[in-house]
1. Using amide H atoms built 1.01 Å from N in the peptide plane, name the residues 5+ places from residue 172, or on other chains, whose amide H lies under 5 Å from its own.
2. Which value, in debye to the nearest 20, gives the size of the charge dipole of the chain about its Cα centre, when Lys and Arg are +1 and Asp and Glu are -1 at the Cβ?
3. About the Cα centre of region 702-762, how large is the charge dipole given +1 on each Lys and Arg Cβ and -1 on each Asp and Glu Cβ? Please answer in debye to the nearest 20.
4. Do any trypsin sites (Lys or Arg not before Pro) in region 437-546 lie in a DSSP loop with no more than 15 other beta carbon atoms within 10 Å, and if so, which?
5. What angle, in degrees between 0 and 90 and rounded to the nearest 10, separates the Cα long axis of helix 319-329 from the longest principal axis of the Cα atoms of the chain?
6. Within region 287-365, report the trypsin sites (Lys or Arg not before Pro) that DSSP leaves as loop and that have at most 13 other Cβ atoms within 10 Å.
7. Taking +1 at the Cβ of each Lys and Arg and -1 at the Cβ of each Asp and Glu, which of 600, 644, 610 sits farthest along the dipole of region 566-676 towards its positive end, judged by Cα position relative to the Cα centre?
8. If you line up the long axis of helix 2-18 against the longest principal axis of the chain, both from Cα atoms, how many degrees apart are they, to the nearest 10?
Amino acid sequence: MRFLLILAVIVPASAQQATAPYKNPQLTVEQRVADLLSRMTLEEKVAQTQALWQKKALITDEKGNFAPGKAAAVLRHGMGQITRPSEKKGPREMAEFTNAIQRWVMANTRLGIPVMFHEECLHGHAAPKGTHFPQAIALASTWNPALVEEVFTAVAREVRARGARQALTPVLDLARDPRWGRVEETYGEDPYLTAQIGLACIRGFQGQGPVLAKDRIFATLKHFAAHGQPEAGTNAGPASISERVLRSEFLYPFELGIRAGKAMSVMPSYNEIDGLPSHANHWLLERVLRQEWGFQGFTVSDYEAIAQLATLHKVAADKDEAAVKALEAGVDTELPDIDAYGRLADLVRAGRISMETLDRTVARILRAKFLAGLFDDPYTDPELAEKVTNSAAHRALALRAARESIILLKNDRGTLPLDAAKLKTLAVIGPNADKVLLGGYSDDPGYFVTVLDGIREKAGSRVKVVHAEGCRITEPGGSWYKDDVKLPDPAEDAKRVAQAVETARGADAVVLVLGGNEEVSREAWAANHLGDMDTLELVGRQNELAQKIAALGKPVVVVLLGGRPYAIEWIAQNVPAILNGWYLGQETGRAVADVLFGDYNPAARLPVTIARNVGQLPVYYYQRPSGRRGYLFSSKEPLFPFGWGLSYTRFEYSAPRLSRATIAPAGETEVEVEVRNAGPRDGDEVVQLYIRDDVSSVTRPVKELKGFQRLHLKAGESRTVRFRITPAELSLLDAHMRRVVEPGTFTIMTGPNSLELKSATLTVKP
């Protein structure tokens, strides 16, 4: 009887879990969460708020494989997340790795709560052999949300096939200071463009939701908030921004991503707003995000940001206090490793954190895991991972995206496209001509086509292609990851310049490939790992190289590759043709060659303003009426305006027409503009809509982007483009922070960029 009684205590515990309501997929997610939460111990709850990354050696062998014998010491209570399991692992290896961890956790922890795996996916899966698409700023340059959605659908399939269910993407920061090394991670300076491209990214990742399909993953909106205009242009610097500007501009892409995109995850920013670091900002994470916007997902910390409440911001005395502040503010999961949240259990026992607060946090994490399908379908197929990763379809998409990302900044005297029939020798010169350039948050895609490779492939035997490095930006051996950045020896670089001039002297034309690299524009994540700059000039002898090449009197095309907009005033004034590509992904060279030789007609547009010099900053187009009085001895106009981009054909615009020229504050109207391809080539055009509130109770920008359409027109073809204007496009936050449409007149502007616009007047009457 005593023996049977012991069995009654021990065995049913296991049997009870197997038949527990939380394991029943027929119940609602809320019912399953409530049941599971009621069964969890304090330690099991805390484990769900934690992650494992650099400490993965605690659960792996010397080859990086999962070691079940070591797992119990770390995973016995479960684990919320495993950080970036793809590191140094190909598709099959990662799929097998995530499956092994998941099987152990499901079988060997008391409740069998699966792990969430997350990955970096800024412009493709940042993992070995993952398809590397153009960098984020380049994707924004397409002004093509449909293409961006297609790109991130492909990324989601690759990541999900390897076992992960969450991407730490998209970056919705507004790039308002080009000195900042993270401009490349953004979708530009404008709230509307950023919101639309971000929304496309979310839909590509998540699909229609809320339950993830088998080929989808959760998007994570970051960095929340106002991270893209840091003090002095330095990463994580304070954001001195008013609530009105914060809500109207910096929060808008996040709000749309939550309300319309239904994004499931948000990452707070490293910086502070009005003295409150985002990881301790209850107003931002609870009142605005959850109460006002109705966010139903979960939040994850930026890497090591909770500890930084104590070590950097000095708003917490130690990691214990940092953990309390972050959890109470609304940060659900600490990434990337067990650190400050490793003390949560003791803090609950000591009464410094309530069980109610912890339960609220854990419930959000569990809900996400149920919606991700982890409880019912936790494993992946290694064969599928091999098949889908960098597939032929994804490589073709990478090439298409790269082509659509290239901006023709200047094209005087018909320099472009190059005519191979008129060229005997083409010189390809410059530090970026024959270099692998992918940008931050990337890995080894398995192959990369340099500009030199692409031109030689395109030219074939028709044109002799010669090459010289010209100069260096940094010394070989550095990378986005390494702390030290070494500039080249000036004397050796002088020799390279001289050699390049001699190489170019014998050519009929020169393609000069300049810009930056992953070392001189990158995330400055520590004082010993910098990436911001106090200048916008090209690094090293690049300007000298350009000047000496131009002095030869030959047709010169400058191709700019890099992570930030550079002040290239001399080049813009003296070189006849300029292409800007940012980082174009693994198909860089083929895309550039297609544009250079006219096999693709460029149509991308600038998502940022390009300054003449650093003294113009801030230079974004979204200025207030009093923002640009001018400078002594210099122009107040930027070098290239927001939305700028040329074509090999020519487009003509009619003046905009309004279906209703007078509306009520709650009314709507439609804008029509006729666009005609008046040139000799088929091509794409990006039609842009801006508004200006002529007189308002609080100041507004002199123009605001409120719509755009990218369309393809054959030579001679015309099309009528329509935009809808609703109260959402006209409204402002008034002096009392109320969202209203004020009576008065609005200037409605359409055109190919933010400078060349035709207008009509809309009247709003009460």
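1. 222, 223
2. Rounded to the nearest 20 debye, it is 1120 debye.
3. Computed charge dipole of region 702-762: roughly 260 debye.
4. The qualifying sites are 462, 482, 486.
5. Approximately 80 degrees, to the nearest 10.
6. 314
7. 610
8. The helix 2-18 is inclined about 20 degrees to the chain.
Throughout, read-outs are computed from the coordinates displayed, never taken from laboratory work. Just so you know, these numbers come straight off a predicted model, no measurement behind them. In this analysis, Cβ positions are derived from the backbone assuming ideal geometry, glycine residues included, and neighbour counts consider all displayed protein chains.
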